[in-house]
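In what follows, a structure is listed as structure tokens, so that the remarks can point back to it.
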Protein chains: 2
Amino acid sequence: MSKESAVVLLDFWASPFCMRVKIAMAEKGVEHEHREEDLFGGKSDLLLKSNPVYQKVPVLLHGGKPVCESTIIVSYIDETWPSPPLLPPCPYGQAQARFWADFIDKKVFDAGCNIWRSKGEEQEAAKDFIEILKQLEGALGEDDFFGGDSFGFVDVILIGLASWFYAYEKLGGFKVEDQCPKFSAWMKKCMQRESVAKVLPDPEKIYEFVTMMKKMHGIE
Amino acid sequence: MSKESAVVLLDFWASPFCMRVKIAMAEKGVEHEHREEDLFGGKSDLLLKSNPVYQKVPVLLHGGKPVCESTIIVSYIDETWPSPPLLPPCPYGQAQARFWADFIDKKVFDAGCNIWRSKGEEQEAAKDFIEILKQLEGALGEDDFFGGDSFGFVDVILIGLASWFYAYEKLGGFKVEDQCPKFSAWMKKCMQRESVAKVLPDPEKIYEFVTMMKKMHGIE
């Protein structure tokens, strides 16, 4: 691969935002170099230089040029490597997909954090989290995927976050499958895809990571 | 105009998010019907039905189909009426524009609210606000517009918010022109455009509106 076309991902294994980018690249067959960041020991100079505004992973470097913010990176990947497409072809379908991706970005991760960061109010936080999943379940309707029949943009944006749901369930005392059966069925369908299965880490490992984070934040 | 192609904007005169949509349509020459919402007296059934998730303006109805969230609406307008383009033609330029639009959405309005909602700490809040403008000034660099030589996507997203800056200046005790001269010059250049000049309300009226909001929130 020439220097002009080299693709490098600044990554962190447990980040659901990095998972999106890896799933999108797996869907498209984009070869890339993977650099794991040490977020606790010290971020690389390349990360600090490539994303000076947020200093966060993921960053996608394409021919040395950085693209930041995971949803924007997935959009960039979809435009740069168009086959198979993730966003719908028509502007209205694109606007709908961007609306739900934005809803997910505003709501899901923060609501999950409220569960694991809680000191004794995990079940209250879990109720708010389930309400958000129910809204998403409503948007899914009777379709297999958020993109309709085929796995698309909103599915890529959301499924990485699902790798943390097992930890939320254990800490919040609930089961997604009991509360949102259609949403749960969507998760299973996504996880059967090779692009998703090979990217999402073992939920037990995420649970251990969250437990470690709770200790670091003095929440036990 | 046929029913299938009719464009209707659910609007509120003081909303900087609605202003974006009106500026984008003015740039493209999109004819539309304008319906002012009574946000304090009671939202219309059409608004509640068209944007059930947030129940907020702006909503663009195109052939009866709703598009919500202002940045997504501006993107939709750019794709549906391509001339003159707002987003750059290349995926990398688009990703950069979307990054700064997202930064503006995450930071500017909330930082401004912190000024007018403050009880006695307006100047502290103003310092944080100015820091954000300085970051944007850095992104602007030596260019006339965020889109380079021509008025583009990021300019449309940001300039509506500037109609509130006079109120922030009065309440926070600062001048954008003194703190961020290049940013101030950018504002003036934008305001000379017909599409912007005809959409942005009189800053004194926005100041009166903010004063009314302060009273409503019991902040005086």
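The values are calculated or read from the model by the stated rules, or taken from the named source; none is laboratory data. Worth saying up front: this structure is predicted, and the values here are computed from it rather than measured. For neighbour counting, all protein chains shown are included, and Cβ atoms are generated from backbone atoms with ideal geometry for every residue, glycine included. What goes into the accessible areas is simple: the full protein's heavy atoms, side chains included, and nothing from ligands, DNA or RNA. Shrake-Rupley method; radii C 1.70, N 1.55, O 1.52, S 1.80 Å.
Once the Cβ-Cβ distance between residue B:192 and residue A:124 is put in as r, and R0 is 56 Å, what FRET efficiency do you end up with, to the nearest 0.05? Working shown, then result.
Working: r = 52 Å, r/R0 = 0.94.
Plugging the Cβ-Cβ distance into 1/(1 + (r/R0)^6) gives 0.60.
Among all the aspartates and glutamates, which ones have a C-alpha under 20 Å from residue B:215's C-alpha, if same-chain residues fewer than 8 places away are not counted?
Residue B:215 reaches B:38, B:110, B:121, B:122, B:169, B:204.
State which entries of A:134/B:43; A:175/B:65; A:56/A:182 exceed 30 angstrom in Cα-Cα distance in the structure shown.
Where the Cα-Cα span goes over 30 Å, the pairs concerned are A:175/B:65; A:56/A:182.
So for the pair residue A:131, residue A:205, with labels modelled 7 Å out along Cα→Cβ, what separation do we get in nm?
Each label point lies 7 Å from its Cα, and together they span 3.5 nm.
Please report, for residue B:64, the nm distances (one decimal) from its label point, 7 Å out from Cα along the beta-carbon direction, to the equivalent points in the remaining copies, shortest first.
Those separations, rounded to one decimal, come out as 5.5 nm.
Of the beta bridges DSSP finds with both residues in the protein assembly as shown, what % are antiparallel, to the nearest 5? Could the numbers behind the result be given before it?
Working: 20 of 28 bridges.
Within the protein assembly as shown, antiparallel bridges account for around 70 percent of the total.
For the range A:1-156, what's the relative contact order in percent, using C-alpha pairs closer than 8 Å and at least 6 residues apart?
Numbers: 178 pairs, mean separation 32.2, N = 156.
RCO, the range A:1-156: 21 percent.
Counting only heavy atoms of protein chains, what accessible area per residue, in Å², does the protein assembly as shown have with a probe of 1.4 Å?
Value for the protein assembly as shown: 46 Å² per residue.
Which FRET efficiency value, to the nearest 0.05, do you get for residue B:106 and residue A:55 by plugging their Cβ-Cβ distance into 1/(1 + (r/R0)^6) with R0 = 22 Å? Intermediate values should be presented prior to the final figure.
On the way: r = 15 Å, r/R0 = 0.67.
The computed FRET efficiency comes out at 0.90.
How far, in nm to one decimal, is residue A:48 from itself in the other copies if the label point is set 7 angstrom along Cα toward Cβ? Shortest first, please.
Label-point distances to the other copies, shortest first: 5.4 nm.
Using a 1.4 angstrom probe and counting only protein chains, how large is the accessible area of residue B:187 in Å², to 10?
Approximately 30 Å² for this residue.
I'd like the mean, over residues of A:98-104, of how many other protein chain beta carbons sit within 10 Å of each residue's own Cβ.
Partner-chain Cβ atoms within 10 Å, mean over residues of A:98-104: 4.
Taking a label point 7 Å out from Cα toward Cβ, give me the nm distances from residue B:202 to the same spot in the other copies, shortest first, one decimal.
Result for residue B:202, in nm, nearest copy first: 6.9.
Show me, for the range A:12-23, the HN-Hα J-couplings you get by feeding each phi into the Karplus relation (A = 6.51, B = -1.76, C = 1.60, θ = phi - 60°), rounded to Hz, glycine and proline as x.
Per residue, the Karplus-derived 3J(HN,Hα) values read 9, 4, 8, 6, x, 6, 5, 4, 3, 5, 5, 5 Hz.
Per the 1.4 Å probe, what fraction of the accessible area of the protein assembly as shown, in percent, lies on carbon and sulfur atoms?
Numbers: 10230 of 20350 Å².
That share works out to 50 percent.
I'd like the mean, over residues of A:67-74, of how many other protein chain beta carbons sit within 10 Å of each residue's own Cβ. Numbers along the way, then the final one.
On the way: counts 7, 5, 6, 0, 2, 8, 2, 0.
Taking all residues of A:67-74 together, the mean is 4.
Round to the nearest 10 and report in Å² the accessible area of residue B:164, as given by a 1.4 Å probe over the protein chains' heavy atoms.
Result for residue B:164: roughly 10 Å² accessible.
Taking 0.36 nm per residue of separation and subtracting the Cα-Cα distance, what length does fully extending residue B:92 through residue B:13 add? Each step should come with its number before you reach the end.
Working: separation 79, 0.36 × 79 = 28.44 nm, distance 3.41 nm.
Fully extending the segment from residue B:92 to residue B:13 adds 25.0 nm.
Can you pull out the GluC sites (Glu not before Pro) in the range B:1-84 that DSSP calls coil and that have at most 11 other Cβ atoms within 10 Å? Please report the intermediate quantities before stating the final value.
Details: sites: B:4, B:27, B:31, B:33, B:36, B:37, B:69, B:79; in loops: B:4, B:31, B:37, B:69.
Taking the range B:1-84 and a limit of 11 other Cβ atoms within 10 Å, the loop GluC sites (Glu not before Pro) found are B:4, B:31.
Show me, for the range B:195-205, the HN-Hα J-couplings you get by feeding each phi into the Karplus relation (A = 6.51, B = -1.76, C = 1.60, θ = phi - 60°), rounded to Hz, glycine and proline as x.
Whole-Hz 3J(HN,Hα) from phi for the range B:195-205: 4, 7, 4, 7, 9, 5, x, 4, x, 5, 5.
Taking R0 as 30 Å, what FRET efficiency do you get between residue B:144 and residue A:48 from their Cβ-Cβ distance, rounded to the nearest 0.05? Working shown, then result.
Values: r = 30 Å, r/R0 = 0.99.
It comes out at approximately 0.50.
Under the Karplus relation 6.51 cos²θ - 1.76 cosθ + 1.60, θ = phi - 60°, what is the ordered set of whole-Hz ³J(HN,Hα) values for the range A:51-65, x standing for Gly and Pro?
Going residue by residue, I get 9, x, 6, 10, 6, 10, 7, x, 10, 9, 9, 10, x, x, 8 Hz, with x marking Gly and Pro.
Just from its helices, what would the mean residue ellipticity at 222 nm be for the protein assembly as shown, if runs of 4 or more DSSP H residues each count -39500 (n - 2.57) and the sum is divided by every residue, rounded to the nearest 500 deg cm²/dmol?
Details: 22 runs with 246 residues, N = 440.
So the helix-based figure for the protein assembly as shown works out to -17000 deg cm²/dmol.
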